[in-house]
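Read-outs throughout are calculated quantities, based only on the coordinates presented, and are distinct from any laboratory measurement. Quick caveat, the model's predicted, so the values are computed rather than measured. Here the Cβ positions follow ideal geometry from the backbone for every residue, glycine too, while neighbour counts run over all protein chains shown.
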Amino acid sequence: MRKCNAIMGDMIETIIHKSDRMRLGIMGGTFDPIHYGHLLAAEEARVAISLDRVIFVPSGSPPHKKYPGMASAEDRYGMTLLATNGNPSFDVTRLETDRKGSSYTVETLQRMKELYPGADLYMITGEDAALDLPLWRDPYKIVSLAKIVAVSRPGGYHDKIGELPDEIRESVLVLRTALLDISATDIRERLASGRSANYLLPDAVLAYIKKRGLYVKARNTGQRYKNNE
Ligand code: DND
């Protein structure tokens with residue numbers, strides 16, 4: 001029996017794990033580019049939920065974002081590898097990089113269930129992304145496959161979690177974490193206009209971006225339900 005502390009809504013709960021089933025964190029993202037906000041979210045969730053591993057899933061073809069200048073799936077996968085390299089509890093999968101068509105989370109979670117039949121899955125998101133869940137493909141299937149761990153994100157999202165449909169909200173664990181006001185959109189804009197992005201993302205990722213000449217011409221900030229990554 002293992003114990004972990006988490007916060008659900010505004011209520012601190014102690015979650016008693018009644019089994020020693022493996023607990024896998026799934027950190028999905030466009031990661032264009034991956035930055036310290038993503039890494040902190042994954043690490044805070046790993047510790048709070050006592051996750052055995054966190055698997056980062058760079059989206060191959062994000063169903064919700066299309067904009068000029070998006071780095072290729074291979075580049076985003078490569079940057080994710082570099083960023084997670086130092087943490088022995090972090091892995092990166094090519095599941096979505098190699099899958100044809102739009103990268104739907106529901107398909108990824110179904111595949112994870114096949115690959116890790118005995119594991120409990122925890123999908124890690126920012127609070128902003130958790131609020132978009134009803135717009136994702138098969139959201140009710142998603143919450144039947146995994147708990148959603150919604151970590152803090154600056155922008156006033158926290159108060160809106162209660163507005164999610166009951167069946168989805170019941171699967172959402174809201175985790176209060178340190179706030180890092182970092183976004184991939186801002187990083188791309190900085191790089192496109194020649195400004196510094198130092199200390200917002202790992203040096204190795206920044207070096208990769210420079211070597212590959214990514215985001216130099218990126219002007220568009222991306223389209224999504226809310227324009228904030
Ligand atoms: P994003 O494009 O928001 O990723 O995608 C997040 C996940 O949602 C991916 O796995 C997508 O495939 C999935 N999705 C989205 C829409 C539709 C569907 C699936 C579908 O299946 O229909 P980003 O790289 O922008 O960010 C990755 C995560 O990190 C997000 O959850 C975001 O909220 C979070 N995040 C932060 N959290 C805390 N502090 C910060 C953050 N910056 C990003 N500073």
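Miscellaneous remarks
- Greater than 19 Å apart at Cα, pairs in LYS66/LYS217; LYS113/LYS141; LYS113/LYS147; LYS65/LYS113: LYS65/LYS113
- Hydrodynamic radius of region 87-129 per Kirkwood, over alpha carbon pairs, in Å: 12.1
- In this rough spin-label picture, where each label sits 7 Å from Cα along the Cβ direction, the ASP138-ARG53 distance is 2.3 nm.
- Contact order for the chain, expressed relative to its length and based on alpha carbon pairs under 8 Å spaced 6+ residues apart, stands at 24 percent.
- Entry for region 38-80 at q = 0.15, 0.17, 0.28, 0.34 Å⁻¹: log10 I(q)/I(0) = -0.50, -0.61, -0.98, -1.17, Debye formula applied to identical alpha-carbon scatterers, no solvent contribution.
- Estimated distance in nm for a label pair at ARG195 and ASN85, the labels positioned 7 Å out from Cα along Cα-to-Cβ: 2.8
- By the Stokes-Einstein formula, at 0.890 mPa s and 25 °C, the chain with its Kirkwood radius over alpha-carbon pairs has D equal to 137 µm²/s.
- Sequence-separation-based contact order of region 97-229, relative, with Cα cut under 8 Å and 6+ spacing, percent: 20
- Gaussian network model of the chain, springs between alpha carbon atoms under 10 Å - residue of ALA204, ALA83, ALA45 with greatest fluctuation: ALA204
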